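Only the coordinates and a few stated rules stand behind these numbers; no lab work does. Predicted model, so just to flag it, every value in this text is computed and none were measured. When we count neighbours, we look across all protein chains shown, and the Cβ atoms used for this are built from the backbone with ideal geometry, even at glycine.
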Amino acid sequence: MKVLVLGATGDQGRAQVEAALAQGHQVRVAVRDPERAANLLPPGIEVARVELGAADAGEEALARAAEGCEAILANYPSSSFNDGRWLVGAAAAAGRAATRAGVGIIIFNTSLPQRERLMGFAAHDVRYRMRLALMEAGVPVVTLAPVVFMDNLLRGWAFPAIADEDCFRYAHRPELEVAWICQADVASLMLAAAVRPQLAGSVFRIGGPETLRGAEVARRLSAAAGRPIRFESQSVEAFCEAMRPQVQRHEPAEAAHLLEELGRIYRWYNEGPERPFSVDMAPVLEQLPVTLTPFADWAGRQLWSRA
Ligand SMILES: NC(=O)c1ccc[n+]([C@@H]2O[C@H](COP(=O)([O-])OP(=O)(O)OC[C@H]3O[C@@H](n4cnc5c(N)ncnc54)[C@H](OP(=O)(O)O)[C@@H]3O)[C@@H](O)[C@H]2O)c1
């Protein structure tokens with residue numbers, strides 16, 4: 001297959017590029033800065049320049065980039081911190097571009113838990129509208145809605161506490177059960193969907209093979225790191241405060257609103273009766289046959305101290 005990856009320079013897109021290459025597919029990426037992408041991504045891929053912020057939301061450039069590709073793996077930047085109308089417009093443009101280029105299928109990674117209705121949370125609802133916008137032009141779309149990524153523990157908002165304080169600090173209440181999934185498995189599931197056009201229109205909520213509470217994650221981290229790591233349940237308020245640098249480019253009132261929204265959706269993740277972070281993968285794996293990575297195996301492959 002030849003696949004076009006959108007958002008390839010982000011964490012999730014990069015994992016998809018690597019997985020696609022490992023499976024022997026040809027990979028093209030659509031990025032804003034080809035030179036930066038060439039430095040970030042593995043060799044052996046084609047790089048096309050596409051600016052989603054252009055007046056046509058990148059449609060013309062995307063249609064050219066998608067020429068000859070059977071599938072598009074679509075990843076987008078945050079729907080918490082970017083303008084929702086812009087993101088929905090970019091998705092609509094991608095759908096039209098895919099139609100023009102004769103692409104067979106689009107696999108949409110919502111990057112966040114999804115329910116198949118508007119929920120009143122901006123970050124969630126923008127993704128919901130993006131899915132509809134992608135589908136509008138008629139190309140088959142399969143949507144994958146992942147829960148929380150194991151890889152988050154290597155990022156700036158979690159890793160320093162693990163490395164420096166032996167503390168897995170996360171905005172999850174102690175009893176919250178989470179089906180952590182690694183980004184490599186998200187990539188495998190997306191590629192499995194890409195060769196199953198009969199699944200067009202489906203939305204799969206996806207997670208990892210186990211559902212774990214914070215203390216259970218900490219035990220696995222301790223085993224992987226070879227030292228005790230404790231779990232500390234961070235309040236949603238403290239988490240939002242830690243995310244303040246993400247909204248600094250916005251006007252103060254808008255920044256305050258975005259952080260308030262972030263708090264609302266994190267409270268839903270923690271307390272929502274829909275249990276957004278729990279997933280039963282058995283029925284999903286019947287349709288997308290992939291071997292999922294247990295948390296302990298993933299954690300055992302990472303470095304849990306500063307190099
Ligand atoms: N479920 C979870 O555990 C979890 C964890 C982390 C993040 N997320 C969610 O995942 C999503 C993406 O996160 P990410 O960190 O992987 O993505 P990201 O790096 O912020 O964005 C993905 C790609 O979009 C492009 N992009 C970013 N900002 C853009 C802009 N202003 N205009 C045009 N293109 C832009 C970039 O590509 P180019 O620069 O190459 O064009 C980038 O590689 C977010 O919605 C976030 O909330 C979920």
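Centre-to-centre, using Cα atoms only, the range 217-258 and the range 141-191 are separated by 12 Å. Over the range 216-307, what is the relative contact order in whole percent, taking alpha-carbon pairs under 8 Å and six or more residues apart? Dividing the mean separation by the residue count of the range 216-307 yields 39 percent. Translational diffusion coefficient, Stokes-Einstein: compute it for the range 181-267 using the Kirkwood radius over C-alpha pairs as Rh, at 4 °C and 1.567 mPa s, and state it as an integer in µm² s⁻¹. Calculated translational D: 78 µm²/s. Taking every alpha-carbon pair under 8 Å whose residues sit at least 6 apart, the chain reaches a relative contact order of 17 percent. Positive end of the dipole of the chain (Cβ unit charges, origin at the Cα centre): among LEU153, VAL29, SER222, the Cα lying farthest that way belongs to VAL29. Among beta bridges from DSSP that stay inside the chain, the antiparallel ones total about 5%.
For the range 232-244, backbone phi angles converted through the Karplus equation (6.51, -1.76, 1.60; θ = phi - 60°) give residue-by-residue couplings of 10, 6, 7, 6, 4, 5, 5, 4, 4, 4, 5, 8, 3 Hz, Gly and Pro being listed as x.
Among 75-84, 135-144, the peptide with the highest mean count of other Cβ atoms within 10 Å heads the list, and the full ranking is 135-144, 75-84.
Based on alpha-carbon atoms, the Kirkwood radius and the radius of gyration of the chain give Rg/Rh equal to 0.95.
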